[in-house]
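The values are calculated or read from the model by the stated rules, or taken from the named source; none is laboratory data. All of these numbers come straight from a predicted model, not from anything done at the bench. Don't worry about glycine lacking a Cβ; one is built from the backbone with ideal geometry, like all the others, and counts go over all protein chains shown.
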Amino acid sequence: MGEAGDFQVDECVVLLAAKSYWLQPSSWWAIFQVLIGLGAVIFVHELGHFLLAKACGVKCDKFYVGFDVPIRLFGQTIIPGKLVSWKWGETEYGIGSIPLGGYVKMLGQDDNPGNLEEQVKGSIREGESGESAILASGLIDRSKLDPRSFLAKTVIQRMLIISAGVIFNLVFAVFFAAWAFKSGVNYEPAVIGNVIGGGPAWQNDLTGAEVEMIGGKPVKGYFTYMDMAQEVVFNGDDAEHPLEIKFKRYGEDTVTTASLVPQKGFIRQAQDLPLIGVSRRLTPVIGEMGALKGNAAALADPPLKAGDRIVEVNGTPIGDDIELRQALARNADQVATFVVERASKGDGSQTTTITTDVPRNPMRLFGFGVQWMPIKAIKIGSPAEKAGLVVGDEIIRVDGQPRGDLITLDQRMIRAINAGNAVNLSVRRVDGSEEDVMITPVMPKLTPDLGPDQPLAVDSLGVAIPMTLTIESVDASGPAAAAGIKVGDELISAEYVLSEEQASDEAYASLKKRPVVNFVDDTTSWAEVSDLMQMMEAGSQVNFRISRNDSEQTVSVKTIASDEFFQGKRGVSLTLMQRRYQSETWASAFSYGVKQVREDAMRVVKTLAKLINGKISPTNLGGPGTIAMAATSEASRSTSRLLLFLTFLSANLAVVNFLPIPILDGGHMLFLAYEGIFRRPVSERVQVVLTYGGLFMILGLMLFVIFLDIGRIVSL
């Protein structure tokens, strides 16, 4: 599902208000928790091998979390192999300096089958020779091995030892989840916030909807937004079998059933994922970003603060984010008087009421509009549908006047709503005929999000209209005209030119790294660029590369603050909707824990299946960097969220580690299964070839996902 929030059109917009997470002291505790948690997952896996080995009478020489391999440079040790180690009984325990896993060193066990002779020699009984234990047939005479050797154990015993790591991961995953559920966990529910204009969710009017069932799976108990998103991805790639969803529309009590056909291309970084185009629901509480710099909310007097709950705007009670957005949009051309509740104690047990005025937030305009295209999608139950408009119709005039800039059409419709007027649209029908249609617009719930190269939705009418890159209108007194832009010019690219102050501001780091947008190659629409400029101060400059009469030229245009059109959002950031689930008993917590582990494991299996059949691109995978960032993000929210992330990670490790790939536990199980069936081990030559093949596969995959991680970090 689209992760674009109420203020997010792409990663550039997200990072406009980003702060350096890793340098904040408040983040260090979360990072420490992650290190302990990831170490615990590795420890549990190796503990399974260790305990079963001991139970089967195998001697264990080492038990390490992390690999104790020293890192040398030019013959000098720069990082020692061991951070700490101690000997207890016959086993050396320790923490290695390379935190990429762990291992248990058992007598006579080696992951490299090419070391079989050394394994046998190390496992031989006292008084016997290694050569005498290797028969002419290539088999091993286990009667001559040390009975405490791994090789001396039966196939069943060795299978138990090998599989114990995975089993322990799953068992402890249940404990992690049960602990989280008994403690209580806050989560983002399966409630739809905004929708991407023209997408399946937009067409079915799902803005603000509460999901009751999706893909045949009931939404009850602990069922998160991400659970819903994954159901779409896993079940939404078959166009012949639409995704069934049951939901309650915003403000309605009746349950509606709809069949949606997910689409691809909603997320720029994951174009191949089938999605319905939605984002998480928000609440009318000021988020950590507070007010976006250069916007009206930053000028509120007294200032708004993170955690303030907005309870009233201009005398209108505010109960949720949609009521807030509608109140602000309805009076966008007026000063908005906010009444907020502010915590007077850190625990929120006491609040004070604050009244503050937020000035108008003028739209940032360039003084030109691009060409509209015919209607691409119509929302169910919308004014457009009721007025008889259909896909393919083209709006050519509004109330007898030139249609103007599509980006301002919603605001013009809101003016008509405030005046209580219907609107006369002159429409060119699909057959080429022209017709005047009277239509009564409605107040939008939210301003629809924009996806990569998606149509612009005019929610007051319920139409989604694409735009070309051809200049259709130019304001004679605007900055575009002064720069020499003319009707008929074609936009090729846009370069954001940052001022010295903006260039030194961390909020603009992404634009500094990637200042040029190519409209064709980057599948970026003019609407996205225009929406991004609304986040920046008036006077921000863009260099446009345009085509005119088969020649190209660059023109520089600075935005101006409109005195006619105003943004309803006013630069106020909000927080995600949260609900809390807490099991009343440990029995219930463990029941939900088992369910959570089963669901997490099945998601991993489904993901692998879709990777194999090509329905999901490998570029959607994440490596150690992605895991670390996700884990730290969850830990910063709460310990319970971290525990549930560790639950998922444990299930992931269990499934992946049990794949039938030599060098993984699943590969060892495959070899042992062969030995159990045919009463002889796989030949050393075959094991060596397959093991090295598996090793190169795993190393290649690790390098690939690390490369993806680096690319994601660099793109930030």
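List, please: which pairs have Cβ atoms under 6 Å, are six or more places apart or on different chains, and start with a residue in the range 66-83 that is free of Cβ contacts under 8 Å to residues at least 24 places away in the same chain and end with one that is not polar (S, T, N, Q) and not in a strand (DSSP E or B)?
T77/P70; P80/P70; G81/D68; G81/V69; G81/P70; K82/D68
Taking the condition surrounded by fewer than 19 Cβ atoms within 10 Å (Cβ to Cβ) and part of a loop (DSSP other than H, G, I, E, B), does T575 pass?
Values: surrounded by fewer than 19 Cβ atoms within 10 Å (Cβ to Cβ): yes; part of a loop (DSSP other than H, G, I, E, B): no.
So T575 does not fit the description; no.
Of all residues in the range 267-291, count the ones that are out of contact with any helix residue (DSSP H, G or I) (no Cβ under 8 Å at 6 or more places or on another chain), outside any strand (DSSP E or B) and among the charged types (D, E, K, R).
Qualifying residue count, the range 267-291: 0.
What number of residues in the range 510-529 are closer than 22 Å to P455 by Cα and not aromatic (F, W, Y)?
Looking only at that region, the number is 12.
Can you tell me which of (1) in contact with a helix residue (DSSP H, G or I) (Cβ under 9 Å, 6 or more places away or on another chain); (2) surrounded by fewer than 21 Cβ atoms within 10 Å (Cβ to Cβ); (3) not in a loop (DSSP other than H, G, I, E, B) is the one A464 doesn't meet?
Among (1) in contact with a helix residue (DSSP H, G or I) (Cβ under 9 Å, 6 or more places away or on another chain); (2) surrounded by fewer than 21 Cβ atoms within 10 Å (Cβ to Cβ); (3) not in a loop (DSSP other than H, G, I, E, B), the lone unmet condition for A464 is (2).
Please return the ranges of helices (runs of 4 or more DSSP H) entirely within the range 471-547 where 3 or more residues are under 23 Å from K293 (Cα atoms).
500-503, 509-513, 526-533
Of all residues in the range 299-356, how many are assigned to a strand (DSSP E or B), of a type in the set (D, E) and over 28 Å from E564 (Cα atoms)?
At the first step, the residues of the range 299-356 found to be assigned to a strand (DSSP E or B) are 301, 309-313, 316-317, 336-343, 351-356.
Among the residues that remain, those that are also of a type in the set (D, E) are: 301, 312, 341.
The next check asks that each one be over 28 Å from E564 (Cα atoms); those that pass are 341.
Summing the residues that are assigned to a strand (DSSP E or B), of a type in the set (D, E) and over 28 Å from E564 (Cα atoms) in the range 299-356 gives 1.
Just checking, how many residues over the range 677-693 are free of Cβ contacts under 8 Å to residues at least 60 places away in the same chain and part of a helix (DSSP H, G or I)?
Result for the range 677-693: 8.
From the list G451, G404, which one is surrounded by 18 or more Cβ atoms within 10 Å (Cβ to Cβ), small (G, A, S), in contact with a strand residue (DSSP E or B) (Cβ under 9 Å, 6 or more places away or on another chain) and assigned to a loop (DSSP other than H, G, I, E, B)?
G451
Exactly one of (1) touching a residue at least 60 places away in the same chain (Cβ under 8 Å); (2) in a loop (DSSP other than H, G, I, E, B); (3) basic (K, R) is unmet by K220. Its number?
Tallying (1) touching a residue at least 60 places away in the same chain (Cβ under 8 Å); (2) in a loop (DSSP other than H, G, I, E, B); (3) basic (K, R), K220 fails exactly one: (1).
Here's the yes/no breakdown for (1) assigned by TED's automatic domain parsing to the domain that holds I162; (2) more than 32 Å from the chain's Cα centre (by Cα); (3) at pLDDT 85 or above:
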site: N652; (1), (2), (3): yes, no, yes
site: F658; (1), (2), (3): yes, no, yes
site: F671; (1), (2), (3): yes, yes, yes
site: G676; (1), (2), (3): yes, yes, yes
site: R679; (1), (2), (3): yes, yes, no
site: E684; (1), (2), (3): yes, yes, no
site: Q687; (1), (2), (3): yes, yes, no
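Could you say whether any residue in the range 355-376 is free of Cβ contacts under 8 Å to residues at least 24 places away in the same chain and either of a type outside the set (V, I, T) or assigned by TED's automatic domain parsing to the domain that holds E537 (or both)? Even if it seems obvious, please write down each step before you answer.
Kept after step one, since they are free of Cβ contacts under 8 Å to residues at least 24 places away in the same chain, are these residues of the range 355-376: 355.
So of that shortlist, the ones also either of a type outside the set (V, I, T) or assigned by TED's automatic domain parsing to the domain that holds E537 (or both) come out as none.
Taking every residue of the range 355-376 in turn, none turns out to be free of Cβ contacts under 8 Å to residues at least 24 places away in the same chain and either of a type outside the set (V, I, T) or assigned by TED's automatic domain parsing to the domain that holds E537 (or both).
If only one of V370, V391 is of a type outside the set (S, T, Y) and within 30 Å of A258 (Cα to Cα), which one is it? Even if it seems obvious, please write down each step before you answer.
Working: V370 fails: within 30 Å of A258 (Cα to Cα).
Only one candidate passes the filter, namely V391.
Would you tally the residues in the range 423-436 being at pLDDT below 95 and of a type in the set (A, V, I, L, M)?
The number of residues fulfilling the criteria is 1.
Just wondering, is there one or more residues in the range 434-441 that are of a type in the set (S, T, N, Q) and touching a residue at least 40 places away in the same chain (Cβ under 8 Å)? Steps first, please.
Let us first name the residues in the range 434-441 that are of a type in the set (S, T, N, Q), namely 440.
Pick out the ones that are also touching a residue at least 40 places away in the same chain (Cβ under 8 Å) and you get 440.
Yes, the range 434-441 has at least one match.
Take T470 and decide whether it is out of contact with any helix residue (DSSP H, G or I) (no Cβ under 9 Å at 6 or more places or on another chain) and either in contact (Cβ under 8 Å) with a residue 40 or more places away in the chain or outside the structural domain of L425 (by TED's automatic domain parsing) (or both).
Against the criterion (out of contact with any helix residue (DSSP H, G or I) (no Cβ under 9 Å at 6 or more places or on another chain) and either in contact (Cβ under 8 Å) with a residue 40 or more places away in the chain or outside the structural domain of L425 (by TED's automatic domain parsing) (or both)), T470 qualifies.
State all residues of the range 423-448 that are surrounded by 15 or more Cβ atoms within 10 Å (Cβ to Cβ) and of a type in the set (G, A, S); if no residue qualifies, say none.
S426
Taking interchain pairs and intrachain pairs at least six residues apart, which have beta carbon atoms under 6 angstrom, with the first residue in the range 694-708 and more than 18 Å from F671 (Cβ to Cβ) and the second surrounded by 11 or more Cβ atoms within 10 Å (Cβ to Cβ)?
V705/L621; V705/G623; I706/G623
State whether one or more residues within the range 601-611 are touching a Pro at 6+ places or on another chain (Cβ under 9 Å) and part of a helix (DSSP H, G or I).
yes
Quick one: which of K376, K386 is surrounded by fewer than 21 Cβ atoms within 10 Å (Cβ to Cβ), out of contact with any Pro (no Cβ under 9 Å at 6 or more places or on another chain), modelled with pLDDT of 95 or more and more than 30 Å from E312 (Cβ to Cβ)? Before you say what the answer is, go through the steps one by one.
Numbers: K376 fails: out of contact with any Pro (no Cβ under 9 Å at 6 or more places or on another chain).
Just a single option satisfies the conditions, and that option is K386.
Quick check on L170: is it part of a helix (DSSP H, G or I) and aliphatic (A, V, I, L, M)?
Values: part of a helix (DSSP H, G or I): yes; aliphatic (A, V, I, L, M): yes.
So L170 passes the test.
Scan I318, I286, I267 and give me the residue that is in contact with a Leu (Cβ under 8 Å, 6 or more places away or on another chain), assigned by TED's automatic domain parsing to the domain that holds N204 and of a type in the set (A, V, I, L, M).
Details: I318 fails: assigned by TED's automatic domain parsing to the domain that holds N204; I286 fails: assigned by TED's automatic domain parsing to the domain that holds N204.
Among I318, I286, I267, only I267 is in contact with a Leu (Cβ under 8 Å, 6 or more places away or on another chain), assigned by TED's automatic domain parsing to the domain that holds N204 and of a type in the set (A, V, I, L, M).
I need a count of the residues in the range 646-676 that are out of contact with any Phe, Trp or Tyr (no Cβ under 8 Å at 6 or more places or on another chain) and either assigned to a helix (DSSP H, G or I) or surrounded by fewer than 17 Cβ atoms within 10 Å (Cβ to Cβ) (or both).
Residues flagged as out of contact with any Phe, Trp or Tyr (no Cβ under 8 Å at 6 or more places or on another chain) and either assigned to a helix (DSSP H, G or I) or surrounded by fewer than 17 Cβ atoms within 10 Å (Cβ to Cβ) (or both) within the range 646-676 amount to 20.
Condition (residue is under 20 Å from A298 (Cβ atoms) and among the charged types (D, E, K, R)) applied to the range 508-527: is it met by at least one residue?
No, the range 508-527 contains no residue that is under 20 Å from A298 (Cβ atoms) and among the charged types (D, E, K, R).
Would you check if there is a residue in the range 326-338 being within 17 Å of A457 (Cβ to Cβ), of a type outside the set (V, I, T) and not assigned by TED's automatic domain parsing to the domain that holds A481? Write out each step before concluding.
At the first step, the residues of the range 326-338 found to be within 17 Å of A457 (Cβ to Cβ) are 326, 329.
Now restrict to residues that are of a type outside the set (V, I, T): 326, 329.
Okay, now just the ones that are also not assigned by TED's automatic domain parsing to the domain that holds A481, so 326, 329.
So far as the range 326-338 goes, yes, one or more of its residues are within 17 Å of A457 (Cβ to Cβ), of a type outside the set (V, I, T) and not assigned by TED's automatic domain parsing to the domain that holds A481.
Can you name the residue in the range 612-645 that is of a type in the set (S, T, N, Q) and part of a helix (DSSP H, G or I) and is also surrounded by the most Cβ atoms within 10 Å (Cβ to Cβ) among such residues?
Here the residue is S640.
For the range 184-233, how many residues meet the condition of being aromatic (F, W, Y) and within 23 Å of L456 (Cβ to Cβ)? Quick ask: steps written out before the conclusion?
Filtering the range 184-233 for residues aromatic (F, W, Y) gives 187, 202, 222-223, 225.
Imposing the further condition that a residue be within 23 Å of L456 (Cβ to Cβ) reduces the set to 202.
So the count comes out to 1.
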